[in-house]
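All remarks here apply to the structure that follows.
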Amino acid sequence: MNYRIINRISKIKELSENEKKRLEEVTKIYPFKANEYYLSLINWNDENDPIKNLIIPQYDEISVTWGDLDPSNEKKYTIIKGLEHKYPSVCLMLLSNVCAGICRYCFRKRLFNSNKKDFLTDYNSAFEYIKSHKEINNVLLTGGDPFILKTDKIKYILENLRKIEHVKIIRFGTRMPQFFPMRITDDKELLKLLKNFSYAEKRIYIITHYVHSNEITKESVKCIDALFDCKVTLANQTPLIRGINDKPEVLSELFNNLSYIGVPPYYLFQCRPASGNKIYTVPIEEGYIIFEKAKNLCSGLAKRARYVMSHSTGKIEILGLTKENIIFRYHRSANPENSGKIMIFKRNPEATWFDDYKEEPLEIFNL
């Protein structure tokens, strides 16, 4: 499982010296991290290679002042450091501030940009909180990447969560099957652990993060196959990213290929307005058209995804467009009274986030 981590842009031999010097300015603000496996997927002869655009910094990350380091206001829902409780039935544990690579569009840049340990360290308090809130039936393990932890630490977390009777679902949010699938495939203890804690009536879910079909490699599919043998359930979520998957043909290819390997699309996320993300962001209304055209090129489970944004107030689904209006629905709201609420606004082709629809909604429908 050994692999070389590369966290200095100067070590990328395929870049010119001028490029390295220019991009080092970016990495002083938004760190760079990759590994040999993931970099091997890049076609360096293609200046628009999607894997390159996913992992190699771009100067426009710092040339435009835009965004926020906490775009979904996670701080508001933080109970203790690294433990968030936004929706009644779901609790989120930030288990690390480390990934096998850093996506350039990451919405949790604050974890990588600070010396503060904004991830969970007080496990006992977290377990006690979850135990005392019986409405929590779903715990999401994320970070950073939860699979960056040592297997013994993952075992400790799973053992304690499985002692809490009302926790039915444990979810891992991970990029490891894309960034470095061998971390999972080659760790027989980890695979055994997942199998032992994924019960017939209390499944472990692994939510992968494929962004482009070029990440669905032979090694990655082998990893997915190994996870299926563990009796876990898999689904995929991806953000819509400019220059990577913002063409209907590219997005539909991803959706279709995911369905072929048994990891159906779950959410398509609007790129969050995190600091440095302007270059990677597609306007919402353009994104909706791309999404619908992509679905028209898919069938069955490949078109199961919902197009949503993780707003500070909840998960808002983009339902539709008319000539003059855009229609939103609270797929899930931090305030349960708003869940299912439908909102109709005048269209704004420049809008990249819900807050850009500044006027009052034309109509609101509550369930």
**Filtered residues of the range 218-248 (kept if among the polar types (S, T, N, Q) and more than 15 Å from residue 270 (Cα to Cα))** = 220, 233
**Complete:** Those residues of the range 199-213 that are out of contact with any strand residue (DSSP E or B) (no Cβ under 6 Å at 6 or more places or on another chain) and over 13 Å from residue 258 (Cβ atoms) come to a total of 4
**Asked** For residue 276, which of the numbered conditions (1) closer than 22 Å to residue 105 by Cα; (2) touching a Pro at 6+ places or on another chain (Cβ under 7 Å); (3) touching a residue at least 60 places away in the same chain (Cβ under 8 Å) fails to hold?
**Response** (2)
**Asked** Regarding residue 128, is this residue assigned to a helix (DSSP H, G or I) and more than 15 Å from the chain's Cα centre (by Cα)?
**Response** yes
**Residue list for the range 131-143, filter: among the charged types (D, E, K, R) and assigned to a loop (DSSP other than H, G, I, E, B)** = 134, 135
**Which listed residue, of 347, 332, is touching a residue at least 24 places away in the same chain (Cβ under 8 Å), farther than 29 Å from residue 52 by Cα and buried (at least 18 other Cβ atoms within 10 Å of the Cβ)** = 332
**Prompt:** In the list 263, 282, 308, which residue meets the criterion of being in contact (Cβ under 8 Å) with a residue 60 or more places away in the chain and in contact with a strand residue (DSSP E or B) (Cβ under 6 Å, 6 or more places away or on another chain)?
**Reply:** 282
**Complete:** Exactly one of 153, 86, 109, 76 is over 18 Å from residue 310 (Cβ atoms) and not small (Gly, Ala, Ser), and that one is 153
**Request:** Kindly indicate whether any position in the range 202-215 is surrounded by fewer than 17 Cβ atoms within 10 Å (Cβ to Cβ), on the phi < 0 side of the Ramachandran plot, of a type outside the set (S, T, N, Q) and part of a loop (DSSP other than H, G, I, E, B).
**Result:** yes
**Message:** I need the full set of residues from the range 65-79 which are surrounded by 13 or more Cβ atoms within 10 Å (Cβ to Cβ) and either part of a loop (DSSP other than H, G, I, E, B) or in contact (Cβ under 8 Å) with a residue 40 or more places away in the chain (or both), in order please.
**Reply:** 66, 67, 68, 69, 70, 71, 72, 73, 77, 79
**Request:** Taking the residues in the range 80-108 that are part of a strand (DSSP E or B) and among the β-branched types (Val, Ile, Thr) as candidates, determine which candidate is farthest from residue 51 (Cα to Cα).
**Result:** 80
**Item:** Contacts under 6 angstrom Cβ, first residue in the range 241-253 being surrounded by 23 or more Cβ atoms within 10 Å (Cβ to Cβ), partner in a loop (DSSP other than H, G, I, E, B) and of a type in the set (Lys, Arg), 6 or more apart
**Value:** none
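Since every read-out is calculated from the coordinates, none of them should be taken as a lab result. None of these values were measured; they are calculated from a predicted model. Neighbour counts are summed over all protein chains in view; Cβ atoms, including those assigned to glycine, are modelled from backbone coordinates with ideal geometry.
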